[in-house]
Amino acid sequence: VMCKVGLVTAAGAWAIMAFGDAFAALGGMLLKGPRLPWNSEKRWTGLIAFLLAGTIFSFCWMRFVIAAQASNFNDNGYLLFYLCLLASAAAAIVEGLPGQVDDNLTVPLVAWFVLSFYTRGACLIGNSNPLEFPYLVLSSSHLSRTALLVVANFALAGIALFLGWVDR
């Protein structure tokens, strides 16, 4: 039985973009606070607000879609919350980078990328212990996916370096 993750992943990525970005703007403007060292136009309060709102709202949206689909997706709330936290953290960092083309494109793409990889892993786990997840990802059947992600990470880091978004 295939796990239906497309709509679940899209719901989570959309929630991270919509709510995380909005709360980051509100948090940064209303709460002020110290600026990010890599982007003086953004603040730590905005990044934290993004992380919190993105995590909470993506978790809620994904749970809603999972329940509506009655899919065989792992309904382990701890694992799903962990996935949403990881995706929100990655998206919050991307949103805080200077000189982006359009964060309404990059933020949901990063969130989708993280969520799609891990939600597929959640289907493999079923109802087993979430601590087994790293073993399943690194097992021989999934090692090629992990290697692809490592290569993609270095490629994206190289592009960011080339575009001047980061320095060495």
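Among the listed residues A10, A70, A24, which satisfies the condition of being under 19 Å from the mean Cα position of the chain (by Cα) and at pLDDT below 90?
Of A10, A70, A24, the one residue that is under 19 Å from the mean Cα position of the chain (by Cα) and at pLDDT below 90 is A10.
Which residues, counting only those in the range 39-60, are crowded, with 20+ Cβ neighbours inside 10 Å, part of a helix (DSSP H, G or I) and not polar (S, T, N, Q)?
G46, L47, A49, F50, L51, A53, G54, F57, F59
The values are calculated or read from the model by the stated rules, or taken from the named source; none is laboratory data. Small disclaimer: the values here were computed from a predicted structure and weren't measured. Using ideal geometry, Cβ is built from the backbone for each residue, glycine included, and neighbour counts are taken over all protein chains shown.
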